[in-house]
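Structure first, commentary second.
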Amino acid sequence: MLTDSDYSAIRLTLELAGLTTALLLVIGTPIAWWLARTRCWWKAPVSAVVTLPLVLPPTVLGFYLLVAMGPNGFLGQFSHALGLGNLPFTFPGLVFASVLYSMPFVVQPLQNAFNAIGDRPLEVAATLRASPLDTFFSVVVPLARPGFITAAILSFAHTVGEFGVVLMIGGNIEGKTRVVSVQIYNHVEAMEYAEAHWLAGGMLAFSFLVLLAVNFFNPQGKRVSP
Amino acid sequence: MASEHIPAIDARFRLAYPGFSLDVDIKLPGRGVSALFGPSGSGKTTLLRCLAGLERTPDGYLALGGEIWQQGPAFVPTHRRPLGYVFQEASLFPHLSVRRNLEYGLRRIADGARRVSLDSAIELLGIGHLLERIPDRLSGGERQRVAIARALAVSPRILLMDEPLAALDLARKQEILPYLERLHDELEIPLVYVSHSPDEVARLADYMVLMEGGKAVASGPIHEMLTRLDLPLAHGDEAGVVIDTTVGEHDEIYHLTRLDFAGGGISVARQPYALEHHVRLRIPARDISLALERHGDSSILNVLPASVVEIADETPAHVMVRLDAGGVPLLARITRKSSALLGLKPGMAIFAQVKSVALLS
């Protein structure tokens, strides 16, 4: 069965994924909105940068983050200037890395949802006296709701499954940075296959449910509204 | 409703896209329906979008009733303009019920600015039974009626409509036209109506801007525009005039109703309207024949004294004659031979025999 150390890893993983998802919805929404609306030439480079974590090996992302978060890196100096102290091997460091790592999983569904809305509802709202901000909350958010749900689910799930980046910048500190995926790795290293089975099986079931949920909120052949 | 000449809308826009340019300088009256009429691609919709502020031209000018909405870099954004806009597709918010759609704009205007009550907008468009439905469950015609009511509910000072009937089939058009005519009769605000349908324009418009290639080729009261022989509207098989009349008398013996206008009276089959009711007629140019004397021995009931104003070539066999009946222009399309036999000349007194009229409202 699960040990205390397993429970601690699960709690930490859920905290990390929850916090990351919340932050990403706040940060990713304006980025996705800008990408969906702009015709500016640097849309393509920004979009590529946001999407990078999708194709980059997590160790590469982790490596650069480790360097940047170091005492001489720009992120390290920045966090010290803010009084946050060191980022590597801390929970805030993990959150920061996860936000970058899971960014495309929030931005892309949102951007697609915003694109699908088109110009017309925004123009209609403007002719009905709604300011752009008002329009965003009263028209865009409700119409893009499936996009928000997908974004939240994918970001949460992707952060839960994070391994390489965590190992590079967070290490393996129980109660601080040791998440489920790292815990499974530890169990296997220690030949504790029974314990590894419990956690791995849990992750398998979790991942399956996540994909089921995504399909549920984004059914094929969506109703088309005029 | 005779078109009064209060130049309430003063607009100048210039815009150039690849393959399209708009260059207009127009004044529209402050009451009644002004139609922006022309073929597709002539810039009607773009002009309407400029009026709404949905399209922003670099140095345009727009004033409504003395209030400036655009001048040089000063630009009032759409959501601060007291206008109503009806798009070609109803574009109702799919996530809101009909009632919530109607209330969307209403909630966003100050209490003091509410001159149209939600109830009167609902009543005017006949949508009281649809309020709790979601837009998905409405027919095309119902959706467009909700969209019009939604635009009215913000108590606009001008109503802009972009071909509100174009996306509908004939039956749906017939369903909505009476409501548009009610708007025309009951609204105190100017209505700018984009259309490429001569029939809609004849039924609804008081004033007309003829658009072509991004330019306003000509503009004026509809009666003048339809009879100006230098414009294409006054030519062809479909040419004709539109006359605003009032019910003058009912003849119960012969079951007729006389409709009066400045040029005389026109008798039609008995109509169910009260005296003084406003009725718009259309008289096709091909249904007016001309005579030098008033014949008592003809079955034609409606004979109007008029004078010849202008004669223009139509086909090798036809000419188009513009007449003046008590200040109201009429068009008669007759053969060139008849014109020669009658010796028609500008200034000549003549009798216009009206073979048929169409009641538009």
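The values are calculated or read from the model by the stated rules, or taken from the named source; none is laboratory data. Being a predicted model, the structure only gives us computed values, none of them experimental. Here the Cβ positions follow ideal geometry from the backbone for every residue, glycine too, while neighbour counts run over all protein chains shown.
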**Request:** Starting from residues that are farther than 22 Å from B:Gly128 by Cα, over 27 Å from the mean Cα position of the chain (by Cα) and aliphatic (A, V, I, L, M), keep the ones in the stretch B:72-108 and report whichever is surrounded by the fewest Cβ atoms within 10 Å (Cβ to Cβ).
**Result:** B:Ala74
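Conditions tested, residue by residue: (1) away from every other protein chain (no Cβ under 12 Å); (2) surrounded by fewer than 21 Cβ atoms within 10 Å (Cβ to Cβ).
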| residue | (1), (2) |
| --- | --- |
| A:Ile117 | no, yes |
| A:Ala126 | no, no |
| A:Ser131 | no, yes |
| A:Phe136 | yes, yes |
| A:Val141 | no, yes |
**Request:** Kindly indicate which of B:Gly140, B:Gly128 is in the same structural domain as B:Leu54 (by TED's automatic domain parsing) and free of Cβ contacts under 8 Å to residues at least 24 places away in the same chain.
**Result:** B:Gly128
**Request:** Quick one: count up the residues across the stretch B:64-100 that are in contact with an Asp or Glu (Cβ under 7 Å, 6 or more places away or on another chain) and either of a type in the set (Lys, Arg) or within 13 Å of chain A (Cβ to nearest Cβ) (or both).
**Result:** 6
**Message:** Residue under question is A:Val67, and the condition is that it be part of a helix (DSSP H, G or I), of a type outside the set (Lys, Arg), without any contact (Cβ under 8 Å) to a residue 24 or more places away in the chain and under 27 Å from A:Ile184 (Cα atoms); does it hold?
**Reply:** yes
**Request:** Considering each of A:Ala151, A:Ala194, A:Ala116 in turn, give the residue that is within 30 Å of B:Thr46 (Cα to Cα) and of a type in the set (A, V, I, L, M).
**Result:** A:Ala116
**Asked** Which of the residues belonging to the stretch B:97-120 are in contact (Cβ under 8 Å) with a residue 24 or more places away in the chain and either within 28 Å of A:Ile117 (Cα to Cα) or in contact with a Cys (Cβ under 9 Å, 6 or more places away or on another chain) (or both)?
**Response** B:Ser97, B:Val98, B:Arg99, B:Asn101, B:Leu102, B:Glu103, B:Tyr104, B:Gly105, B:Leu106, B:Arg108, B:Ile109, B:Leu118
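Is one or more of the residues making up the stretch B:72-86 assigned to a strand (DSSP E or B), without any contact (Cβ under 8 Å) to a residue 40 or more places away in the chain and assigned by TED's automatic domain parsing to the domain that holds B:Phe20? Lay out the reasoning, then the answer.
Going through the stretch B:72-86, the residues assigned to a strand (DSSP E or B) turn out to be B:74-75, B:83-86.
Applying the additional criterion that residues be without any contact (Cβ under 8 Å) to a residue 40 or more places away in the chain yields B:74-75.
Subset that is assigned by TED's automatic domain parsing to the domain that holds B:Phe20: B:74-75.
Checking the stretch B:72-86: at least one residue is assigned to a strand (DSSP E or B), without any contact (Cβ under 8 Å) to a residue 40 or more places away in the chain and assigned by TED's automatic domain parsing to the domain that holds B:Phe20.
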**Request:** Filter the stretch B:41-63 down to the residues that are in a strand (DSSP E or B) and surrounded by fewer than 22 Cβ atoms within 10 Å (Cβ to Cβ), then identify the one that is nearest to the other protein chains (Cβ to nearest Cβ).
**Result:** B:Ala63
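Is at least one residue of the stretch B:306-314 of a type in the set (Ser, Thr, Tyr) and surrounded by fewer than 16 Cβ atoms within 10 Å (Cβ to Cβ)? It would help to see each step written out before you state the result.
Step one: filter the stretch B:306-314 for residues of a type in the set (Ser, Thr, Tyr), giving B:307.
From what is left, the residues that are surrounded by fewer than 16 Cβ atoms within 10 Å (Cβ to Cβ) are B:307.
Yes, some residue in the stretch B:306-314 is of a type in the set (Ser, Thr, Tyr) and surrounded by fewer than 16 Cβ atoms within 10 Å (Cβ to Cβ).
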